Amino acid sequence: MRLPARRLVCYGLGVGNSFALMFGLPGQGMHLRLDALSVLFLCILVPQIVASALAERRGSIAFWVFAGAMVLTLLAGDAFTLIFGFELMSAASWLLVLRGDARPATLYAGMAMFSAACLIPAVFLPAGSLAFMLVLLGAGAKAGLAPLHSWLPRAHPAPPAGVSALMSGGMVKVSLYILIRYAFIEFGAAAQPWWGSVLIAAGAASVLIGALRAMLEVELKTMLACSTVEHAGLIAVGLGIALRAKAMGNLDLASLALQGALLCAVAHGLFKPMLFLGAGAVKKATGTTSLDWLGGLMRGMPRLGMLMLAGAAGMAALPLGPGFAPEFLLLHAVIKAAATGGILARIGFTALLAGLGLSAALALGAVVRLIGIGFLGRPRSLHAAAAGDANRATLAGMGLLAALCVPVALLPGVVLGMMEPVIQLLAPNSAPAPLSYAPLSLFLLLAAAAAAAFFGLRRFAVRGTREVPAWTCGFGSPPAWLPFGDPLTQPSATGFAEPVRRAIARGVLAPQGVDPAEAYLLFPLSQVSLRLTRVAEYIRRSTMRQRLAFVFAALVMFLLALGLSEGG
Amino acid sequence: MNLDYPLAHLMGGVILLCAFSMLSQRRLAAMITLYQVQALTLSAAAFWQGFAQGAGDLYLTGLITLVIKGILLPMGMRQIVQRFNMVRAVETTMPVGFSMILGVGLIGIAVLVVLPTTVSAVSLTREDLAISLSVVLLGLLVMTLRRNAIAQVIGFLSTENGLVLAATGMPGMPFVAELSVALLVLLAFLVIGVFLFRIREHFDTLDLVGIEEIERRGR
């Protein structure tokens, strides 16, 4: 089953016929093909692979298989190659997770099998609602969309940092790529508005739960994984709005939402691997990633700290950071969508807007906590106090990603212009409004203002020196028996999150702060599986007469069904 | 007046009645007697069908049924009961009323299945088929409910009677099939008889509870 002929796009790399490989299914082979969408996602993927390989994992075969499988998935020209690459990616990443920790690896393997069981039938079904729902379940589970996200904060932090970076930044994008390809291109003609609504609902739930858990988690890498759930949700919201608008014929809104979603994918693919690599360096230097045992790292690891700060600015969607433009576009799209459709849709989009605002605030809180608790203040443990800066390779990998963040942060308009062929491929004949946000000029204005203030101070400030007590980072003066102060008197990560836990988490999370998907989906499922195992064990241990009775009952049931169906 | 159908139905009804009463009998001797009556009626039904259809094969079937199932097998079983001193043995597995309710349900299912699925067939075969399916199901029910090994054997034999009844009512059934089924039953009875003796030697009882206990301990 070949994908339909590629649309003509005037994108330098996107031109060319599909390329047949010499192996694959008999009589069909495997095909590689490059179009604008694949090129975009390859551009997202390749820097992460380079950075992860630069930072660590250069010699691991599984890592290269993992990376190669992701590339193969993006290049796939037919359904078989796509599924082959996707499953190879799952298997290789499972091996890598297993190397870190066995228990999340089992959960991960179960989730990967579930997504395979949904995706494989879906790509061979005729375009329609059933096929779309299966693709959404399969790719969404792999991308960490609620309610199938609960494996992600467990599995992503388990392997070494380079792999975590690639899983969070790359694997999630590859799953979303499959979702985009099928929802917009393959099933595009059969699309219905409610497909988009389902996607928006799943995305909104992931955004909320991801941001909330990122605010509450104490482990650095788990927190980053929760933030990945949030960003996957943001992308899904954008895609959902685009899908809905496209099905309803509103192409301009569709292209606006697509711009937001794709730019969000680009930005997230840059800053999240950077943060994961940084978390790996922190773990190497201090032996822990628990924020409750860190602190004051900015002094010991200044260069890593600055890079982490840059990544954190992206994660919090601060203005002038890489994460701001996508959120700006997404909020615009939501506002625009709220002005269309029926009363229910309007109310829903307004609520979505409130939810996105809340989660943006939560993400900001999470980042403040990450930097404030982990990198500022005083060290909470000897290891944190003795941490030295990360090695050059890690810094080089992170620096590469940070350098690529700069154009995304300061020139989003140019990046969007380069994305134009993708938008045209997904929403043909649309004319998106130009971006009304020019961070470069803002940045220059701010820089000019700062320089003027600096020189003004230099010129007009009072000269002379004055002796004041040293700033103690907000502590009281230390008691005599603790000349350096007791670091544990600082607020801890848990304590910092406590107000949010009391105000919001009690209503949203299940009791004891467990993820609702875990408490209401995974736990009952495991109970059902336990019960089924018991039934199977009971049948296996049954006596001769019971076995006779089982066979007899089956026969009677069959006859009854036959009689009822024939008689009725 | 044509007696073909009424007599065939009457004998089928007697066979079904015997199978049904086996459910209510707790004593082995009574079950064996019921089985014997059932087998004799079956052989009579076979003779009658042979006469009505003008098929010589069916006389042979009736003769085999009469000799093997009507005379030899009940004699063998009575001997086993005598030798194992189980004349007064009583089954206690399930309340009689409940098992009879189940039996009525099974007959209902058989009628429900056969009558609508065979609308196009001749009426004689249809009702005969319903009766024989009921007899098969009731025999299986006896096998399932009873704990005593001999009672299970009787259930098995009764099931086989139901099959032969279906075969005789169906014109054109080859004789070889019936002959081989009859031989199979005889062989099965011999094997089971030997098996019963072995069980008896080991456990001093024919109650399957003994085997189940051993099975459980073996795990």
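Model label sites at A:Leu130 and A:Leu411, defined 7 Å from Cα along the beta-carbon direction, differ in position by 5.0 nm. The B:Ser180 and B:Met94 beta-carbon pair, evaluated with R₀ = 35 Å, returns a calculated FRET efficiency of approximately 0.55. Legend: translational diffusion of chain A by Stokes-Einstein, Rh = Kirkwood radius over C-alpha pairs, 37 °C, 0.692 mPa s; D = 129 µm²/s. Taking 0.36 nm per residue of separation and subtracting the current Cα-Cα distance, fully stretching the chain between A:Leu521 and A:Ile347 would add 59.8 nm.
The order of B:Trp48, A:Trp64, going from fewest to most other C-beta atoms within 10 Å of their C-beta, is A:Trp64, B:Trp48.
Quick check: from the Cα gyration tensor, does the stretch A:82-240 come out rounded (a/c under 1.5), prolate or oblate? Cα axes put the stretch A:82-240 in the oblate bin. Dividing the mean sequence gap of close Cα pairs (under 8 Å, 6+ apart) by how many residues the stretch A:307-448 holds gives a relative contact order of 28 percent. With R₀ fixed at 41 Å, the C-beta to C-beta distance from A:Leu25 to A:Val50 puts the FRET efficiency at about 0.80.
Close amide H partners of A:Asp78, meaning residues 5 or more places away or on another chain with modelled amide H under 5 Å apart, are A:His31. Once the chain from B:Leu60 to B:Tyr5 is taken as fully extended at 0.36 nm per residue, the excess over their C-alpha distance is 17.7 nm. Tell me the mean residue ellipticity at 222 nm calculated for chain B from its helices only (DSSP H runs of n ≥ 4, each -39500 (n - 2.57), averaged over every residue, nearest 500). Only helices count here, giving -27000 deg cm²/dmol.
Between the stretch A:246-297 and the stretch A:186-233, how many Å separate their Cα centres? The distance from the Cα centre of the stretch A:246-297 to that of the stretch A:186-233 comes to 12 Å.
Amide H contacts of A:Ala20 (H built 1.01 Å from N, in plane; Pro and chain starts excluded): A:Leu32 sit under 5 Å, all sequence-distant by 5 or more or on other chains.
Excluding residues fewer than 8 places away in the same chain, name every one of the aspartates and glutamates whose C-alpha is closer than 17 Å to that of A:Lys272. Of all the aspartates and glutamates, those that pass the test against A:Lys272 - Cα under 17 Å, at least 8 places apart if same chain - are A:Glu56, A:Glu217, A:Glu219, A:Glu230, A:Glu327.
Restriction of the chymotrypsin sites (Phe, Trp or Tyr not before Pro) in the stretch A:18-49 to DSSP coil positions whose beta-carbon has at most 14 other beta-carbons within 10 angstrom yields A:Phe23. Pairs of alpha-carbon atoms within less than 8 angstrom and 6+ residues apart define the contacts here; what relative contact order does chain A have, in percent? Relative contact order comes out at 14 percent. Comparing Cα centroids, the stretch B:46-109 and the stretch B:16-42 end up 6 angstrom apart.
Per residue of B:137-147, other chain Cβ atoms within 10 Å of the residue Cβ number 3 on average.
Using just the helices of chain A, give the 222 nm mean residue ellipticity in deg cm²/dmol: DSSP H runs with n ≥ 4 each add -39,500 (n - 2.57), and the total is spread over all residues, rounded to 500. Taken over chain A, the calculation gives -22000 deg cm²/dmol. Applying 1/(1 + (r/R0)^6) with R0 = 51 Å to the Cβ-Cβ distance of A:Lys284 and A:Phe443, what FRET efficiency is obtained, to the nearest 0.05? The formula returns an efficiency of 0.90 here. The charge dipole of the protein assembly as shown, taken about the Cα centre with unit charges on the Cβ atoms of Lys, Arg (+1) and Asp, Glu (-1), comes to about 2060 debye, rounded to the nearest 20.
Amide H contacts under 5 Å for A:Ser290: A:Leu220, restricted to partners 5 or more places along the chain or on a different chain, H placed in the peptide plane at 1.01 Å from N. Overall, the anisotropy analysis places the stretch A:521-567 in the oblate class: the square-rooted eigenvalues a ≥ b ≥ c of its C-alpha gyration tensor yield a/c not less than 1.5, with a/b not exceeding b/c.
Here the contact order of the stretch B:4-218, divided by its residue count and restricted to Cα pairs under 8 Å and six or more residues apart, works out to 23 percent.
Quick note: the coordinates plus some simple rules give every number you see, no bench work behind them. These numbers come from a predicted model, not from an experiment. All Cβ positions, glycine included, derive from the backbone under ideal geometry; neighbour counts span all protein chains shown.
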